[in-house]
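To start, the structure under review is shown below, and the notes come after it.
What follows draws every value from the coordinates through simple rules; no lab data is involved. Computed from a predicted structure; not experimentally measured. Heads up, the Cβs are rebuilt from the backbone with ideal geometry, glycines too, and the neighbour counts pull from every protein chain shown.
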Amino acid sequence: MQPGYPPQGPPQPPHLDNNMTLSIVSIFLFWPLAIPAIINASKVNPLLQQGDYAGAQNAAAESKKWSKLAIIIGISLWVVSILCCGALLVMGAIGSSSSSSL
């Protein structure tokens, strides 16, 4: 190999984040939307190896979209559940204190 010339061989596909970690985290928060996120994340690397960079970018974007949506909905459901449980505890405490004074 001579200096100044690019290395010979097959071109290496550019690196693209497949968002698999984000997809796996989202499965613990809201699994119905995490499934399409994982499916799209698993498509990224094979598409890159086939040379379909646009398809890989699209799959990565879809994976990220579904993961974020699953995380947002999952966290929202957890917050609502905690607030409801707290409200039930407060109402139970108020109800038990008012009935004991009768």
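Taking 7 Å along the Cα-to-C-beta vector as the label spot, tell me the Ile94-Gln49 distance in nanometres, rounded to one decimal.
Result for the modelled spin labels: 6.1 nm.
So between Ala61 and Leu16, what do we pick up on full extension, going 0.36 nm a residue minus the alpha carbon distance?
Answer, rounded to one decimal: 15.2 nm.
Would you please put 29-35, 92-98 in order of how densely packed they are, using the mean number of other Cβ atoms within 10 angstrom per residue and starting with the highest?
29-35, 92-98
Given a Förster distance of 22 Å, report the FRET efficiency between Ser42 and Leu83 from their Cβ-Cβ distance, rounded to the nearest 0.05.
0.05
Give the shape of the stretch 20-100 as rounded, prolate or oblate, defined through the alpha-carbon gyration tensor: a ≥ b ≥ c are the square roots of its eigenvalues, a/c under 1.5 means rounded, and otherwise the shape is prolate if a/b is larger than b/c and oblate if not.
Prolate.
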